[in-house]
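The structure appears below as structure tokens.
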Ligand code: B12
Ligand code: SF4
């Protein structure tokens, strides 16, 4: 069988991992595979076409790809899968695909992705486990992947020859009871690692921090999604510091426009900067959103959201708020969200940040992730009391 793998024409900086696994799965059955990015023309007419998908709001290029390859190869069996197809299967069927796959393809999961199809890519991406122990309302992982699966911790077998870095896309790796052997393996191999989807602050014990101190990581990602996990986030940042990490490497995703309000968001950002960490604001995106950045939660206004967006550009760096001295002072002197995020630029030369500190924070380390690690939102009646 001739299999054509199609990545639609949407923005992404990563290779289409699902398609690369499907490629290996088909090769193991002696099928031929070809990977293209729409609207490219394949070299041979295919028998089966797999179109993948990513964010729900990037659905248009997916429909265009399905239609266009279906028109070009009317006899081929056109299948659509991936994140959007799994979260919005009814909508995905409107594309005209012959089959819409919801969730994972278990037979493909055990295959090493066919990295030879993306030779420019030099890092191994891996889900060492699937699923998550928690069920946060704003996250679709439980729906996409279900209960946590076992952890593959013989890391060496999954690292593609020649790759120098491993990017783990596990949703909540510390929630897996077998995290230790995996961490020990990473240390033993000395390979650079990125826990790309963040570490759950509540599970970041001394044992974890100690192991992290032996790892090659350019950033350590956490999340401060709601005020209820304040003590856990503060403890995690201190632990990392005590074990020798520079807190400027600690990038904390700060969910907003969800069940919070502007004042609450301001306090979380201020907390993080006072603890020496970097706050990366993460605007809530509904799980079924068909257009990005359109949702305004009942506690927010479009104006306040615009204020955050502008402040990120003017006061921050690469969309984040690093603990610049000037910025910390500005936030500490502010009593309200409006004051804190007013656009009186913080003079860079007055921030007193040594050059090498700034260079630690690159675009690369600040790529937005999902907002992991908050678990079920506990009701916090009076969050201001928590700040006392
Ligand atoms: C890695 C990741 C990212 C990366 C980018 C990923 C990329 N490829 O470019 C980064 C870190 C940049 C990121 C950012 C964001 N992310 Co994100 N991210 C993920 C994550 C962990 C994996 C996504 C991925 O690429 N998977 C690769 C998939 C497709 O491969 P696979 O699963 O191995 O494939 C299997 C199946 O899907 C299937 N399959 C796949 N394709 C096909 C095709 C066919 C035909 C068939 C049959 C089967 C099939 O078979 C494969 C084998 O089993 C998911 C969570 C998760 N665990 O899925 C969230 C997720 C996709 N992200 C999410 C969100 C919200 C975001 C942000 C919007 C957060 C924010 N507010 O800023 C940002 C957006 C950034 C932007 N550019 O606009 C949401 C999406 C919700 C939605 N409405 O779409 C998710 C689902 C997480 C969540 N919290 O709910 N993200
Ligand atoms: S946000 Fe993180 S901790 Fe919460 S359900 Fe999603 S993956 Fe799990």
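The values are calculated or read from the model by the stated rules, or taken from the named source; none is laboratory data. Since we're looking at a predicted model, the values are computed, not measured. Heads up, the Cβs are rebuilt from the backbone with ideal geometry, glycines too, and the neighbour counts pull from every protein chain shown.
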Here the residues within region 8-23 that are more than 9 Å from ligand 1 (Cβ to nearest atom) and touching a strand residue (DSSP E or B) at 6+ places or on another chain (Cβ under 6 Å) are 23
Give region 62-83 a look and list any residue that's touching a residue at least 40 places away in the same chain (Cβ under 8 Å), buried (at least 20 other Cβ atoms within 10 Å of the Cβ) and outside any loop (DSSP other than H, G, I, E, B), or say none. 62, 65, 69
Restricting attention to region 215-227, does a residue exist that is closer than 16 Å to residue 319 by Cα, modelled with pLDDT of 95 or more and part of a loop (DSSP other than H, G, I, E, B)? yes
Residue within region 218-232 that is in contact with a strand residue (DSSP E or B) (Cβ under 8 Å, 6 or more places away or on another chain), surrounded by fewer than 17 Cβ atoms within 10 Å (Cβ to Cβ) and closer than 30 Å to residue 266 by Cα present: yes
For region 175-192, indicate whether the set of residues that are part of a helix (DSSP H, G or I) and touching a strand residue (DSSP E or B) at 6+ places or on another chain (Cβ under 6 Å) is non-empty. yes
The number of residues in region 96-126 that are within 11 Å of ligand 1 (Cβ to nearest atom) and without any contact (Cβ under 8 Å) to a residue 60 or more places away in the chain is 11
Kindly provide the set of residues from region 266-294 that are outside any strand (DSSP E or B), within 14 Å of ligand 1 (Cβ to nearest atom) and touching a strand residue (DSSP E or B) at 6+ places or on another chain (Cβ under 8 Å), ordered by number. 284, 293
Find the residue count for region 180-211, including only residues that are surrounded by 22 or more Cβ atoms within 10 Å (Cβ to Cβ) and farther than 26 Å from residue 139 by Cα. 1
Qualifying residue in region 136-154 (condition: within 17 Å of residue 211 (Cβ to Cβ) and crowded, with 16+ Cβ neighbours inside 10 Å): yes
